[in-house]
1. Pairs under 8 Å by beta carbon, first residue in a loop (DSSP other than H, G, I, E, B) in the stretch 194-215, partner open to solvent by 10 Å² or more (accessible area, probe 1.4 Å) and within 11 Å of the ligand (Cβ to nearest atom), six or more apart or different chains?
2. Please enumerate the residues belonging to the stretch 107-140 that are open to solvent by 60 Å² or more (accessible area, probe 1.4 Å), more than 10 Å from the ligand (Cβ to nearest atom) and part of a loop (DSSP other than H, G, I, E, B).
3. So how many residues does the stretch 141-177 have that are small (Gly, Ala, Ser), away from the ligand (no atom under 13 Å from the Cβ) and either touching a helix residue (DSSP H, G or I) at 6+ places or on another chain (Cβ under 9 Å) or in a loop (DSSP other than H, G, I, E, B) (or both)?
4. Take Gly104 and tell me if it is under 18 Å from Pro177 (Cα atoms) and either surrounded by fewer than 16 Cβ atoms within 10 Å (Cβ to Cβ) or within 11 Å of the ligand (Cβ to nearest atom) (or both).
5. Restricting the search to the stretch 67-85, which residues are open to solvent by 30 Å² or more (accessible area, probe 1.4 Å), assigned to a helix (DSSP H, G or I) and more than 16 Å from the ligand (Cβ to nearest atom)?
6. For the stretch 164-203, how many residues are on the phi > 0 side of the Ramachandran plot and open to solvent by 50 Å² or more (accessible area, probe 1.4 Å)?
7. Checking the conditions here, which among Ile153, Ile112 is among the hydrophobic types (A, V, I, L, M, F, W, C) and within 23 Å of Lys225 (Cβ to Cβ)?
8. How do the pairs read when you match residues in the stretch 140-160 that are farther than 15 Å from Pro129 by Cα with residues anywhere that are open to solvent by 10 Å² or more (accessible area, probe 1.4 Å) and part of a loop (DSSP other than H, G, I, E, B), using Cβ under 7 Å and keeping only pairs 6 or more apart or on different chains?
Amino acid sequence: MRLADLTAESLLAFWAEAGIDSILSEDPIDRIAAGAIAISRPAPLQTSAIHALPATKTQDVSAQVEIARQMAEACQGLEELQDAIAKFDGCPLKFQGAKQAVFGRGALDAPIIVVGEGPGQEEDQKGIPFVGRAGQLLDKMFAAAGLSDRVFITNSVFWRPPGNRNPTSEEQAVCMPFVERAIALIQPRLLLCVGGPSSKAMLKQDEGILSLRGRWIEWRSSDGKIEIPALATLHPAFLLRQPGAKKMAWADLLTLSERLDRPSR
Ligand code: URA
């Protein structure tokens, strides 16, 4: 290897270590004036008859939602669903630097399904949701509330948004049929939405998370066949930045476990 290559490699490794994984210029670039940009994407794997086409800037979100719905509904188990998600090409995030699809972890018959925002850097590396610092805090909170074995954890999108930005509503919409299918297969009794972007997408509310959290809202599947009581709470990444807010999240978890263990009349 040439010295220049070694220098570039170690500089890239240093940046990656420091959390810099996308390159942004200081100066804005007028892409419209510069003309259309061709974004090269890997060729889609032809593994399924209902395989989606690669997402393009002009993609029809509702067509991708329909493809996702067909792929999701064909799945009879969570492993099949995980494979279908990995094959789905309709979410633009898949082509924006994500290493792999990140689906779920936890008890396959969990009474609670937890939906976060989207994978971060560590989740993207490992292919498992909520394994970074925020996830470790979430796990500690579930353990303290006696909920560790009673949750299945997934996200509103399955590929890491570049630079950990919030997922867009279009990105969430094309992933939603898979989230809904996970709910249909697991048949949880309660739903916990973690953080603003997940809560807004799942519960179809415009309110900020601080006013949305801690209240029961009925979640309904898009075909209207499933209804589950849902609770929104603060994201653990927010709690790491604002430890004073932990008491609100703790109150939410107690609300959740109280309802789960409430004797049915
Ligand atoms: N934050 C999320 O919302 N989901 C993850 O999987 C990790 C961090």
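The values are calculated or read from the model by the stated rules, or taken from the named source; none is laboratory data. Nothing here was measured: the structure is a model prediction, and the numbers come from that model. With ideal geometry, Cβ positions are generated from the backbone for all residues, glycine too; neighbour counts draw on all protein chains shown. When the accessible area is computed, the model is the full protein with side chains, heavy atoms only, and any ligands, DNA or RNA have been set aside. Shrake-Rupley method; radii C 1.70, N 1.55, O 1.52, S 1.80 Å.
1. Qualifying pairs under 8 Å: Gly195/Glu117; Gly195/His235; Gly195/Ala237; Gly195/Phe238; Gly208/Gly196.
2. If the condition is that a residue be open to solvent by 60 Å² or more (accessible area, probe 1.4 Å), more than 10 Å from the ligand (Cβ to nearest atom) and part of a loop (DSSP other than H, G, I, E, B), then Leu108, Asp109 are the ones that fit.
3. 6
4. Yes, satisfied.
5. Ile67, Arg69, Gln70, Glu73, Glu79, Glu80, Asp83
6. Residues in the stretch 164-203 being on the phi > 0 side of the Ramachandran plot and open to solvent by 50 Å² or more (accessible area, probe 1.4 Å): 2 in total.
7. Going through Ile153, Ile112 in turn, the sole match is Ile112.
8. Taking only residues 6 or more apart or on different chains, the pairs are Asp149/Ala107; Arg150/Ala107; Arg150/Pro111.
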